Amino acid sequence: MKWAGRSIYKGYAVGRALVSHMDISFFGGVDPDTGVVVERGHDLEGQSISGTVLVFPTGKGSTVGSYTLYRLKSNGKAPVAIVNTECETITAVGCVISEIPCVDHIPIEQIHSGMHLRVLGGEGWVENIQTAVDQNGASP
């Protein structure tokens, strides 16, 4: 399964999807030293976003969230890519300064945590590559 969206920031990444159905505030919602979601009541509370393809509707909160994404990247705790329904300015700037591939206008309700995704940020594509593994018996 492959979805065409809008390129927010270039780059290529492969990883396991971590899906939230709630908006994410990086400033105050994610610990920049550990990559763990600390926002109380969030559906990802207590989970690490580090090394994942982080999938969520949109960002929220303070513009300091852009810098928090940069801190996550500097600390080796950032997601490998971000996929949104609608990427707002805070997340977009954070991805650009942190060089995190980002695509939006993706129907995230079709993506589930644990899917093995390939993100082509510059082209605006997100692909579930687990399907290729299942059909071919080998990893892409």
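If a residue must be part of a loop (DSSP other than H, G, I, E, B) and either surrounded by fewer than 19 Cβ atoms within 10 Å (Cβ to Cβ) or touching a His at 6+ places or on another chain (Cβ under 9 Å) (or both), how many such residues does region 70-84 contain?
So the count comes out to 2.
Within region 86-98, work out how many residues are within 18 Å of ASP23 (Cβ to Cβ) and in a helix (DSSP H, G or I).
7
Would you mind stating whether ILE8 is assigned to a strand (DSSP E or B), over 20 Å from GLN130 (Cβ atoms), touching a residue at least 12 places away in the same chain (Cβ under 8 Å) and not hydroxyl-bearing (Ser, Thr, Tyr)?
Yes, satisfied.
Report, by residue number, each residue of region 93-133 that is hydrophobic (A, V, I, L, M, F, W, C), over 20 Å from LEU44 (Cβ atoms) and in contact with a Phe, Trp or Tyr (Cβ under 8 Å, 6 or more places away or on another chain).
VAL96, ILE97, LEU120, TRP125
Tell me whether region 70-92 contains one or more residues that are farther than 26 Å from GLU123 by Cα and among the hydroxyl-bearing types (Ser, Thr, Tyr).
no
Being surrounded by fewer than 14 Cβ atoms within 10 Å (Cβ to Cβ) and over 22 Å from HIS112 (Cβ atoms) is the filter here; which residues of region 13-37 pass it?
Within region 13-37, GLY28, ASP33 qualify.
Can you name every residue in region 99-110 that is farther than 15 Å from CYS87 by Cβ and either assigned to a loop (DSSP other than H, G, I, E, B) or of a type in the set (Ser, Thr, Tyr) (or both)?
Of everything in region 99-110, just one residue is farther than 15 Å from CYS87 by Cβ and either assigned to a loop (DSSP other than H, G, I, E, B) or of a type in the set (Ser, Thr, Tyr) (or both), namely GLU99.
Coordinate-derived values only; no laboratory data. Computed from a predicted model, the values in this text were never measured in an experiment. In this analysis, Cβ positions are derived from the backbone assuming ideal geometry, glycine residues included, and neighbour counts consider all displayed protein chains.
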